[in-house]
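What follows is calculated from the coordinates using simple rules that are stated; it is not laboratory data. All values derive from a computational prediction rather than experimental measurement. Cβ atoms come from the backbone with ideal geometry, glycine included; neighbour counts cover every protein chain shown.
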């Protein structure tokens, strides 16, 4: 768990009793969490964040703030979590939007994210080589990427789970917004039935818009550190990975996902990583 999270909050969060109508956004870190949170917020609440609003307070992190804080949220409760599916409080009448991102871009984004939390970690001058060893061994916040991926992938076809990839959000955000609204139903679906409202949500949640006021999403970063909303693209992994690191992550992906449907995720990215690693 992140060093800044109180142990009591984590323990309390694990004991939270999910209620009918709760809406969870579940991700491994740096897989589009805040992006999807803001989409859900706009669909359900129907308004932008105000100048003094903070998404961390309105759509809080379950395992950071604990059950009591979650219990005070207005209905429907909007809850963020990075927990694996086996640990998330479950209710068949709650809804879970699960977003996953390819491990290559996830690792690079996670590296820059960790550097920026200088009040938690002595890693401001850390290298990607150092971080990669931690990432591939699962010695990072929220543990092993593949454990998380496989725990949620096993539940992706359940009626109260919506499975979304970061790459799909990047390719066609409007379609994903409509899919999320259809899944959530109610006022969210009513919002998405208005094409102008969908355009508004797409504009509000664009990376250009979300970069402009970083305070809405996270605590302030020190000068010279990466922004919380940094690039948001696909393929940035090539800026950090060596061919040997790409080969190791390709091998880990193939080994850990063998025999599961998750092995078929991101074929183009895996093919590119193989070419980069092996020169073929």
* To do: Go ahead and run the numbers for FRET between residue 72 and residue 7, Cβ-Cβ distance against an R0 of 30 Å, rounding to 0.05.
  => 0.90
* **Taking 249, 62 and counting other C-beta atoms within 10 Å, the order from fewest to most** => 249, 62
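May I ask for the Rg/Rh ratio of segment 65-136, computed from Cα atoms with Rh as the Kirkwood radius, given to two decimals?
Taking Rh as the inverse mean 1/r over Cα pairs, Rg/Rh reads 1.08.
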* Asked: Which whole-number value in Å³ per residue fits the convex hull of the alpha carbons of segment 1-69?
  -> 109 Å³
* Starting with the fewest neighbours, write out 156, 95 ranked by other beta-carbon atoms found within 10 Å of each beta-carbon. => 156, 95
* Taking 7 Å along the Cα-to-C-beta vector as the label spot, tell me the residue 58-residue 212 distance in nanometres, rounded to one decimal. => 1.5 nm
* With each pseudo-label sitting 7 Å past Cα toward Cβ, what's the residue 86-residue 127 distance in nm, one decimal? -> 3.5 nm
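Before rounding to the nearest 500, sum -39500 (n - 2.57) across all DSSP H runs of length at least 4 in the chain and divide by the residue total; then give [θ] at 222 nm in deg cm²/dmol.
Details: 15 runs with 135 residues, N = 280.
Calculated mean residue ellipticity at 222 nm is -13500 deg cm²/dmol.
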* Structure fact -> In degrees rounded to 10, the 0-90 angle between helix 128-137 Cα long axis and the longest Cα principal axis of the chain is 70 degrees
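With the cut-off at 1.5 for a/c, could you classify the chain from its C-alpha gyration tensor as rounded, prolate or oblate? Present the calculation step by step, with values, prior to reporting the outcome.
Details: a/c = 1.42, a/b = 1.33, b/c = 1.07.
In terms of gyration-tensor shape, rounded.
For 16, 278, 96, what ranking results if the residue with the fewest other Cβ atoms within 10 Å of its Cβ goes first? Intermediate results must be reported in sequence, preceding the final value.
On the way: 16 22, 278 11, 96 25.
Ranking 16, 278, 96 by Cβ neighbours within 10 Å, fewest first, gives 278, 16, 96.
When ranked by the protection proxy of mean other Cβ atoms within 10 Å per residue, highest first, what sequence do the peptides 32-38, 148-154, 50-56, 7-13 form?
Order by mean packing, descending: 32-38, 148-154, 7-13, 50-56.
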